[in-house]
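The values are calculated or read from the model by the stated rules, or taken from the named source; none is laboratory data. Source: prediction; values computed, not measured. Positions of Cβ are backbone-derived with ideal geometry, glycine not excepted, and every protein chain shown enters the neighbour counts.
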Amino acid sequence: MLKLGVNIDHVATIREARYRGRGFGEPDPVAAALLCEAAGAHGITAHLREDRRHIQDRDVWALREKIQTRLNLEMANAPEIVDIALKLKPDIVCIVPERRLEVTTEGGLDVVAAEKSLTETRKKMNDAGIEVSLFIAPDEQQIAASARIGSQFIELHTGAFAEEFSKAESGKRKAETELQRLISAAQQAHALGLKVNAGHGLNYENLRSLFRVPHLVELNIGHSLVSRAVFAGLENAVREMLALMREYRENSATS
Ligand code: PXP
């Protein structure tokens, strides 16, 4: 069954918009995580950014203590955050690139360029019992490098597909091209023994098209769930997404 990891960063974004630097405030991303679990989410994802723009240190410690499903810590491969992860012991870390001025994680990780330091971090995490995922573009070289460094998972960046999908009809051909890249990438990764997650920009409209990508284990979804939650409530938003995800068949159409 395709799993849903709910990214709760945007709950913290709303809190920080009013309570930045205060050490308290609403809405509480940990309470949100517990509601997502109650609605059937298989895991919770939180990104502790170096600039702490949304999720704060206290959030990740409270998540570690309170959630019952899997904690996926998104993080940059930066010494300070690596140290926190080794102490926190999430079930899995997803290593992402970080740029201070970006609105959200923009591109995928350049695994080829950072092969040595990512291998070191991968080993440290695995030695601490933490699985490793790398957030990468659907690119042949990046997937080959991810396998070389010994990562357990990759998370395919679906942002380009989602972006093209959201454009008017003229963009649909480009969305198909992006989809084909994701399909090839998932096939390549699977053949190399990597487990395949996907995420970024996924929503209730583009999800069905994504289901043509084979071998998916988990989707990490945040913004569209929190957006729907404003109108429908978080539990309903999660349940609706899970209902859609039940249509996914492992090794489904690959063309
Ligand atoms: N996966 C990764 C690695 C991300 O950085 C993000 C965005 O924080 C997501 C998934 C979720 O993306 P979205 O909020 O667009 O659903």
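Couple of notes before you dig in:
- From S146, S117, residue being outside any loop (DSSP other than H, G, I, E, B), surrounded by fewer than 16 Cβ atoms within 10 Å (Cβ to Cβ) and hydroxyl-bearing (S, T, Y): S117
- R22 being without any contact (Cβ under 8 Å) to a residue 60 or more places away in the chain, closer than 21 Å to S227 by Cβ and of a type in the set (K, R): no
- Inside the stretch 143-197, residues that are over 22 Å from R249 (Cβ atoms) and within 17 Å of the chain's Cα centre (by Cα) make up a count of 8.
- Of A12, A62, all but one fail to be surrounded by fewer than 17 Cβ atoms within 10 Å (Cβ to Cβ) and touching a Pro at 6+ places or on another chain (Cβ under 9 Å); the exception is A62.
- If you go through the stretch 33-42 and keep only what is surrounded by fewer than 22 Cβ atoms within 10 Å (Cβ to Cβ) and within 16 Å of the ligand (Cβ to nearest atom), you end up with just H42.
- Unmet requirement for A144, which otherwise passes all of (1) within 15 Å of the ligand (Cβ to nearest atom); (2) farther than 19 Å from N72 by Cβ; (3) touching a Leu at 6+ places or on another chain (Cβ under 9 Å): (1)
- Residue check for E178: at negative phi, in contact with a Pro (Cβ under 9 Å, 6 or more places away or on another chain) and of a type in the set (D, E, K, R): yes
- Some residue of the stretch 1-17 being modelled with pLDDT of 95 or more, assigned to a helix (DSSP H, G or I) and of a type in the set (S, T, Y): yes
- The set of residues in the stretch 60-75 being in a helix (DSSP H, G or I) and either closer than 16 Å to C94 by Cβ or within 14 Å of the ligand (Cβ to nearest atom) (or both) consists of V60, L63, R64.
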